[in-house]
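Remarks on the structure that follows.
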Amino acid sequence: MSAQPEPALLHSEEEEALRAAVRDLLTDHCDPAGVIARSESAAVHDVPLWKALSDAMGLAGLLIPEELGGQGASHRETAVVLEELGRAVAPVPYLTSAVVATEALLACGADDLLGELASAATVAALAVGLHVAPGGAFASVRLEDGTLHGELTGIADASAADVLLVPADDGGLYAVRTADATVVPQVSLDLTRPVARVALDGVTGRRLGEAAPAVRRALRTGAGLLASEQLGLADWLLTETVRHLKERRQFNRRVGGFQALKHRLARLWLEIAGLRAAARNAADALATGADTDIAVAVAQAHAARVAVRAAEEALQLHGGIGMTWEHPVHLYLKRAKADSIAYGTAGAHREALAALVDLPAP
């Protein structure tokens, strides 16, 4: 039996170039003050930024084959993009459309819709609650006399989507134009990734394929690559906190010089280093297909705790200014908390991991 190749955890030159390009774009078009202002408005999603990412840079089609108009790249490159989007808490439907919905469409072989997503003509959203873990039970609507009826809740970025991918009780996954559905915003802790209730009342949809395998594939990829977003969040928080502590003075000394704070930052750096390895391993496993379920479960069992801890430490170590609405740390805390239950909680992933490696609870 041949040995499996070791996972490639280091970034290639091409991936680093992609990172630099995305970061430059976000630096110019997604500043923290702008994200805060947008979160207070009715138009939460940054459409011009999405167009720049998806149309000008072609990033919406990274996972879509070249023959369908996409880039034919892998999950490794997609993880790089998500890490940078996490650093900026960018209010764009990249994870939900370019990753999760795209994976569902790839599973169904829906080439025409994949072509629309690759060309940035269409945004899609999988109509499964954001909290559902890979392999978890998900709600479906009723198929009666050829039309769809029912409600689905907690659908991330449904308000930005042109097409909803809706599971029905006949086992099929249906494409429904959002204009034919009723989308009602729900209260969301993370204002940069809004969720909504989707109601269908006699809506006609196009059957794309079997829902169960498509949803499982989509959610597994979403969970695995979410770890890269959480890594980007945590890394920005650590970098910004170190910068702040180097500049702030107390008792005529730089706050960053106090040993107790140095120890806290050092512990956080080590935790983020572990998350970087886990997130990169998950992206590589998704790209190669080697031990994918285990790699995704490991990444998500670790990622939520680290991202939330980084946000909590940043909030405390920024002192009074960190408690203000004007400082962006609250955006990162809310995204970290929301991400901690997205595509399954850390506990759900630990249970899945235990089953995968045959390690039952005592």
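Residue 181 sits among other residues whose Cβ lies under 13 Å from its own Cβ, and their net charge, with Lys and Arg +1 and Asp and Glu -1, is -2. Go through (i) -0.40, -1.16; (ii) -0.30, -1.01; (iii) -0.42, -1.04 and flag the label whose value is the computed log10 I(q)/I(0) by the Debye sum over Cα atoms at q = 0.07, 0.13 Å⁻¹ for this structure. Read-out taken from this structure: (ii). Place +1 on the Cβ of every Lys and Arg and -1 on the Cβ of every Asp and Glu in the chain, take the dipole about the Cα centre, and give the residue among 100, 49, 346 whose Cα lies farthest towards its positive end. In the chain, that residue is 346.
Taking 0.36 nm per residue of separation and subtracting the current Cα-Cα distance, fully stretching the chain between residue 239 and residue 358 would add 39.0 nm. Accessible surface of residue 246, taken over heavy atoms with a 1.4 Å probe and every protein chain present, rounds to 130 Å². If you plug the beta carbon distance of residue 17 and residue 290 into 1/(1 + (r/R0)^6) with R0 = 25 Å, you get a FRET efficiency near 0.45. Using Cβ point charges alone (K and R +1, D and E -1), the dipole size of the chain about the Cα centre works out to roughly 1820 debye. Cβ-Cβ distance of residue 321 and residue 51, R₀ of 41 Å, FRET efficiency by 1/(1 + (r/R0)^6): the value works out to about 0.75. Taking Lys and Arg as +1 and Asp and Glu as -1, the other residues whose beta-carbon sits under 12 Å from that of residue 357 total -3. Excluding residues on the same chain fewer than 8 positions from residue 334, give the aspartates and glutamates whose Cα lies under 13 Å from its Cα. Partners within reach: 190, 312.
When the chain is described by a simple charge dipole with +1 on each Lys and Arg Cβ and -1 on each Asp and Glu Cβ, the residue from 127, 285, 307 located farthest towards its positive end is 307. Using the Cβ-Cβ distance between residue 27 and residue 186 with R0 set to 35 Å, the FRET efficiency works out to roughly 0.65. Each of the peptides 286-297, 20-31 was scored by the mean count of other Cβ atoms within 10 Å over its residues; in descending order, highest first, they stand as 286-297, 20-31. Amide hydrogen proximity for residue 209: with H placed 1.01 Å from N in the peptide plane, the residues at 5 or more positions away or on another chain lying under 5 Å are 173. Here is what passes the span test in the chain: the DSSP H helices with alpha carbon length of 18 Å or more along the helix axis and a Kyte-Doolittle mean of -0.5 or above are 75-88, 211-247, 259-288, 292-317. Report, by chain and number, residues whose modeled amide H sits under 5 Å from the one on residue 203, excluding near sequence neighbours (fewer than 5 apart, same chain). Here the answer is 148, since their amide H atoms fall under 5 Å of that of residue 203.
Phi angles across segment 126-140 convert, under the Karplus curve 6.51 cos²θ - 1.76 cosθ + 1.60 with θ = phi - 60°, into 3J(HN,Hα) values of 7, 7, 10, x, 4, 7, 6, 7, x, x, x, 6, 10, 6, 9 Hz, Gly and Pro given as x. Looking at the chain alone, DSSP beta bridges between its own residues are antiparallel in about 85 percent of cases.
In order along segment 45-62, the phi-based Karplus estimate (6.51 cos²θ - 1.76 cosθ + 1.60, θ = phi - 60°) of 3J(HN,Hα) comes to 6, 8, 5, x, 5, 4, 5, 5, 5, 8, 8, 5, 9, x, 7, 5, x, 4 Hz; Gly and Pro are listed as x.
In this structure the amide hydrogen of residue 139, modeled in the peptide plane, comes within under 5 Å of the amide hydrogens of 129, none closer than 5 places in sequence on its chain.
The values are calculated or read from the model by the stated rules, or taken from the named source; none is laboratory data. From a predicted model like this one, the values you see are computed outputs, not experimental measurements. Cβ atoms come from the backbone with ideal geometry, glycine included; neighbour counts cover every protein chain shown. Calculation scope for accessible area: heavy atoms of the full protein, side chains included, ligands and nucleic acids excluded. Shrake-Rupley method; radii C 1.70, N 1.55, O 1.52, S 1.80 Å.
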